[in-house]
1. Would you mind getting me the FRET efficiency between A:Asn84 and A:Asn26? Use the beta-carbon distance for r and R0 = 30 Å, nearest 0.05.
2. Run a plain Debye calculation on the protein assembly as shown (Cα atoms as equal point scatterers, no solvent) and give log10 I(q)/I(0) at q = 0.07, 0.10, 0.17 Å⁻¹, rounded to two decimals, same order as the q list.
3. Considering the Cα trace of chain B, what is its radius of gyration and what is Dmax, both in angstroms?
4. What FRET efficiency, computed as 1/(1 + (r/R0)^6) with R0 = 45 Å and r the Cβ-Cβ distance, is obtained for B:Ser50 and B:Gln110, rounded to the nearest 0.05?
5. Using Cβ contacts closer than 10 Å as the measure, can you line up B:Ser70, B:Ser45, A:Ser111 from fewest to most?
6. Using DSSP to call loops (not H, G, I, E or B), can you name the GluC sites (Glu not before Pro) in segment A:1-79 whose Cβ has at most 14 other Cβ atoms within 10 angstrom?
7. Would you be so kind as to identify which of B:Cys87, B:Asn10, B:Leu49 lies farthest towards the positive end of the dipole of chain B, taking Lys and Arg as +1 and Asp and Glu as -1 on Cβ and the Cα centre as origin?
8. Could you please rank B:Phe47, A:Phe88, placing first whichever residue has the fewest other Cβ atoms within 10 Å of its Cβ?
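Read the figures in this text as sums done on the coordinates, not as results from a lab. All figures in this text were calculated on a predicted structure; none of them were measured in a lab. Here Cβ is always computed from backbone atoms with ideal geometry, including for glycine, and neighbour counts include all displayed protein chains.
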Amino acid sequence: DGGITQSPKYLFRKEGQNVTLSCEQNLNHDAMYWYRQDPGQGLRLIYYSQIVNDFQKGDIAEGYSVSREKKESFPLTVTSAQKNPTAFYLCASTKRDTLQPQHFGDGTRLSIL
Amino acid sequence: KNEVEQSPQNLTAQEGEFITINCSYSVGISALHWLQQHPGGGIVSLFMLSSGKKKHGRLIATINIQEKHSSLHITASHPRDSAVYICAVSVYGGATNKLIFGTGTLLAVQP
């Protein structure tokens with residue numbers, strides 16, 4: 001079955017360390033998205049990519065970086081510059097230039113010790 | 001004020017009850033989505049609407065474009081319906097299919 005795989009499900013890191021969250025999809029989707037979810041708030045867009053080797057900042061990109069070297073993969077790095085990185089991170093994908101629903105992964109919960 | 005507002009924020013129901021979750025938005029949209037998030041965190045898409053009404057099993061979604069309002073109904077609710085239900089709107093700008101999300105409604109259905 002096609003879908004989105006996020007790993008790991010839980011991630012713990014010490015303050016000041018960079019950490020990379022993995023997102024892989026086998027849906028042949030061009031567009032991929034990273035969202036952050038905090039208690040009591042709606043999902044907020046961090047970065048998105050419409051095509052390989054291209055990506056754009058979302059609403060809360062500061063302290064994060066991404067790459068899109070392959071269509072299937074869109075890893076998110078949470079850098080030490082992100083002031084409050086503890087959150088639930090969701091990856092999503094969809095066909096480009098379409099209003100079809102986004103497919104979501106199961107998320108990664110990041111906790112900074 | 002959030003561009004997408006949901007009500008109620010929390011809802012507790014007895015098994016078998018009819019449930020309604022509301023969503024209002026203040027921006028121009030090309031579509032509205034209802035999503036379901038289970039305790040494990042994964043999100044699945046339930047409906048995408050641009051007009052009228054859609055039904056899938058015990059779930060019904062309606063949208064009134066003029067009033068900028070949508071409702072999600074669950075008939076004959078069951079404990080397995082317990083989840084967070086999220087309303088999101090598509091704001092189509094250029095090549096970006098941007099979604100704006102509501103904060104979600106936490107539904108607990110008790111047996």
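1. On the way: r = 32 Å, r/R0 = 1.08.
Computed FRET efficiency for A:Asn84 and A:Asn26 comes out at 0.40.
2. Relative scattering, expressed as log10 I(q)/I(0), comes to -0.22, -0.45, -1.23.
3. According to the Cα coordinates of chain B, Rg and Dmax are 13.6, 47 Å.
4. Numbers: r = 35 Å, r/R0 = 0.77.
E(calc), rounded to 0.05, equals 0.85.
5. Values: B:Ser70 25, B:Ser45 18, A:Ser111 11.
The order, fewest Cβ neighbours first, is A:Ser111, B:Ser45, B:Ser70.
6. Working: sites: A:Glu15, A:Glu24, A:Glu62, A:Glu69, A:Glu72; in loops: A:Glu15, A:Glu62, A:Glu69, A:Glu72.
In loop regions of segment A:1-79 (DSSP not H, G, I, E or B), the sparsely surrounded GluC sites (Glu not before Pro) are A:Glu15, A:Glu62, A:Glu69.
7. B:Leu49
8. Numbers: B:Phe47 22, A:Phe88 16.
Neighbour counts put them in this order, fewest first: A:Phe88, B:Phe47.
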